[in-house]
Amino acid sequence: MNRLAVRELALLAGLVVMVGLIQAWLGTAYTLRMLVEASCYAILALGLGIQWGYGGLFNVGVVGFVALGGFASVLLSYPVNEDFLNSGSAAELARVGLYAVLGIAVVFAISRLHRLGVPRGLCTAATIAAAAAVYLVVTTALDPVAGEIEANAGFVGGLGLPAWTGWLAGGALAGLVAWPIGRICLGLRSDYLAIATLGIAEIIKAFLKNADWLTRGTLTVSPLPWPVPTPDEVGFVWARAGYLCLTAAMVVAIYVLLERAYRAPWGRMMRAIRDNEVSAAAMGKDVNRRRLEIFVLGSILIGIGGAALVSFVRIFDPAGFLPLNYTFLVWVMVILGGSGNNLGAIVGALLVYIIWTLSEPAALLLFDALRDLGDAWFGWDAPSDLQSRALQMRVFVIGLTITLVLRFAPRGVLPERAPRHEQVGPR
Amino acid sequence: MNELVFFVNKVLVAGTVIGSIYALGAVGVTLVFGILRFAHFAHGDLMTAGAFAALAGAAGLHALGVSTPLPIGFVALPLAMIATALLAMGLDRTFYRPLRERGARPIVLVMASIGVTLMLQGLVRLFAGTAPRSFFTGERKDIFHIALPFDLADRPIIVTEPQVLLVLLTAAAVVALHYFLTRSRLGKAMRATSDNADLARVSGIDTELVARTTWIIAGGLAAAGGTMLSLDVTLKPDLSFSLLLPIFAAAIVGGVGQPYGAIAGGFLVGFAETLSVFNWSVLLRVLAPVLPETVEIPTKLAFVPPEYKIVVPFFILVVVLVWRPTGIFRGRVL
């Protein structure tokens, strides 16, 4: 047994003891909730972990893909909104959709005109003009329809399909959004990918928050359906236990598949590209295509994990997607757990999430104590928003953790273990 | 003509103001990107921190009983610039330089800068609270109404004192930067390091001195941009994330490592934002008597609703990355 295996076992044992203590202290229902959320974060961490650990890609838009996953769940599995279907708006919306599809077809056709001998420059100019015109027509047609839907039906509602279809659609939607971003940015250095993912996350958030006709915006949508019996049917403990079984099974399945991929020729090629791009390219590997693969795959996992996470909370609140709670927390999990090590990502997710949930009451307690001390000793008049400020302490700690880990333990708690292949045949 | 005045107020004035802010930020980003070779994500928070330093300085001056004809936040600006330059140097020394010396990959520095972003954000909100603040609590903001001399327009062009100061400050910063980079020894060394760091080092250029200077310039300009933006509107602690994308877009449009490109890019992004949220039907309405009856002018005709303004810099960024990743001024693609 080597030292790393000992460390893995020790960490797992420590986690089990920690969970046991929390169970004794705060009760079973609370512990189960924490574990379900932690396992959803583990899926996010696995998705981000392969992007960073296998591909060396820096994705700062996790929160956007999580929001997309949640949105897909709402759209597919939320009950059908009868008001919307029975009003005339549904047909109107379909008409606008038809306009959009037709417009995109026209723009695409114009962009292909150069094959018929039209000069390139003219073709590009015509494409841009057509795209702008289509965009203006579609948005002006959509505006009144959206207003009508908001006034008469609230929002479009869902399709009423089973919850798991929403999760899969969440993954698909996240992958669909990731693909063009990857296509544009992966040929350049990863800094550009970081900037672009940051931007796309902000745009997704702005869209979900302001498209009231589609998502109810700040009014939030609830309750989202579960793929397992809900607390209303079987009580908190059993419902959460069922959900935990599902998410834990997903984590295990994803972990096993990723480990297989890592040891397979595909994983070896990914590591070769990550470690030495030039020599991998010289060996005939299509670097950008492989990177695009890993970026889309990771984003799909993040979308599925996001759908599971949002469904568990049962409220889809577009204003609640803060980069800190998703993007940066998941980043801490990945780099603390050990980049390139999937078990590290899972352990990091559980460990960091447990500490994160406990840090909220801890920060409030600390600052209350500080206020009392300051008041008693110096007559300090604490600001009235001390509670909301106290929670900002956690932002600072997350940032400090990232910088410290990068500087002093860049390989994380469980470093990557490249599989050794036995030498076959004579040297 | 009133419509034209409306256009000037909504597009020309607003675009110049926001463009200057973006330019001040983008110069720092492009210098760091070009010389230290990583995308510095903490720049937005450097701007916020600079604005809070100016706020603290203004409060201090106010307590001392200083009263000036200029806004007191503007008078405190030099102090804030020095403080932020020191902060930037300190951040480099504690967080970025050790990684650089270890030979870490550039992307690790980007991650470290995100860690620094969160730390700055946490500290600013811990000490200053989460509510927006105004510089103009003890004094009045001067607003100039410029009435036009001819009779066609009865609406005045409106500019505020901070806006005038901002434009003057940006112009002064651009001129000073130009002379520094082209005439001084250190400025030439900076340009050399930006062009080819290894060659600069073997030619005997002290690259650590160059790095320090870069941080001083970037920090000072960031403080100026942040303070002037807060003087123009209000000081919001969550300023940084909304500033980050336009600033990066400006730096990349202008060409990474090209300070003049960053200034041009800043104005380009600023004007693109104001032009695309502008309600064009105001101008089209003038044409109504000329147009045939059948053409109906919609009451609202903007390219992007104001709540989706963030799409504009992103769109510019994508277009540049697709068509010309070197930027307008032929910068580098790292």
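All of the numbers you see were taken from the coordinates with simple rules; none came from a lab. Here the structure is a predicted model, which is why all the values come from computation and not from measurement. Methodologically, a virtual Cβ is constructed for each residue, glycine included, from the backbone with ideal geometry; neighbour enumeration extends over all protein chains shown.
For peptide A:182-195, what's the mean number of Cβ atoms from other chains within 10 Å of each residue's Cβ? Please report the intermediate quantities before stating the final value.
Working: counts 0, 1, 6, 5, 0, 3, 5, 10, 6, 14, 9, 2, 9, 13.
Taking the mean over all residues of the peptide, I get 6.
When the Cα positions of A:Gly306, A:Ala264, A:Val237 are compared along the charge dipole of region A:235-329, A:Ala264 comes out farthest toward the positive end, with charges on each C-beta of Lys, Arg, Asp and Glu. Region A:64-143 and region B:139-188 have Cα centres lying 42 Å from one another.
Sorted on the mean count of surrounding Cβ atoms within 10 Å across their residues, most packed first, peptides A:56-67, B:30-41, A:202-213 read A:56-67, B:30-41, A:202-213. For B:Val256, the amide hydrogen comes within under 5 Å of the amide hydrogens of B:Gly331, B:Arg332, counting only partners 5 or more places away or on other chains and with H modelled in the peptide plane.
Taking a span of 27 Å or more along the helix axis (Cα atoms) and a mean Kyte-Doolittle hydropathy of at least 1.6 as the rule, the DSSP H helices of chain A that qualify are A:3-26, A:89-111.
Relative intensity of region B:116-216 on a log10 scale, I(q)/I(0) at q = 0.11, 0.24 Å⁻¹, equals -0.71, -1.15, per a Debye sum over C-alpha point scatterers of equal strength in the absence of solvent. Within chain B, the whole DSSP H helices whose Cα atoms reach 20 Å or more along their own axis and whose mean Kyte-Doolittle score is at least 1.6 are B:14-35, B:77-91, B:106-128, B:239-254. Rounded, prolate or oblate: which fits region B:62-157, taking a ≥ b ≥ c as square roots of the Cα gyration tensor eigenvalues, rounded meaning a/c under 1.5, else prolate when a/b beats b/c? Cα axes put region B:62-157 in the prolate bin.
As a test of understanding, state the convex hull volume per residue of the protein assembly as shown from its alpha carbons, in Å³.
On the way: hull volume 171.1 nm³, N = 761.
It is 225 Å³ per residue.
Across chain B, the relative contact order, built from alpha-carbon pairs under 8 Å that are at least six residues apart, equals 33 percent. In a DSSP loop and with at most 11 other Cβ atoms within 10 Å, there are no chymotrypsin sites (Phe, Trp or Tyr not before Pro) in region A:295-365. Proximity of backbone amide H atoms, modeled 1.01 Å from N, is registered between B:Val159 and B:Phe144, B:Ile146 at under 5 Å, excluding neighbours fewer than 5 places apart on the same chain.
Count the lysine pairs in chain B that are 8 or more places apart or on different chains: how many have C-alpha atoms under 26 angstrom apart? Let's see the in-between values first.
On the way: B:Lys10/B:Lys141; B:Lys10/B:Lys236; B:Lys10/B:Lys300; B:Lys10/B:Lys309; B:Lys141/B:Lys236; B:Lys236/B:Lys309; B:Lys300/B:Lys309.
Count of close lysine pairs: 7.
Between A:Leu44, A:Thr327, A:Val6, the Cα set farthest toward the positive side of the dipole of chain A (charges on each charged residue's Cβ, about the Cα centre) is that of A:Val6.
Averaging the Cα positions of each part gives two centres, and for region B:100-131 and region B:279-332 these lie 35 Å apart.
What fraction, in whole percent, of alpha-carbon pairs in region A:82-154 exceed 13 Å separation?
68
Sorted largest first, the principal axis extents computed over the alpha-carbon atoms of region B:4-113 equal 52, 45, 17 Å. Relative to its residue count, chain A spans a Cα convex hull of 215 Å³ per residue.
Can you give the convex hull volume of the alpha carbon atoms of chain B per residue, in Å³? Walk me through the numbers on the way to the answer.
Working: hull volume 53.4 nm³, N = 334.
Considering the Cα atoms of chain B, their hull volume per residue is 160 Å³.
Inter-chain neighbour count for A:403-415: the average number of beta-carbon atoms from partner chains within 10 Å of each residue's beta-carbon is 4.
Specify the inter-centroid distance of region A:234-300 and region A:346-422, based on alpha-carbon positions, in whole Å. So the separation of the two Cα centres works out to 28 Å. Counting, for every residue in A:135-147, the Cβ atoms of other protein chains within 10 Å of its Cβ and taking the mean gives 1. Each of A:Ser87, A:Ser222 was scored by other Cβ atoms within 10 Å of its Cβ. Listed from fewest to most, they are A:Ser222, A:Ser87. Taking GluC sites (Glu not before Pro) in DSSP loop states with no more than 12 other Cβ atoms inside 10 Å as exposed sites, chain B has its longest site-free stretch at B:1-292. Each Lys and Arg adds +1 at its Cβ and each Asp and Glu adds -1 at its Cβ; summed about the Cα centre, chain A shows a dipole of about 2140 debye.
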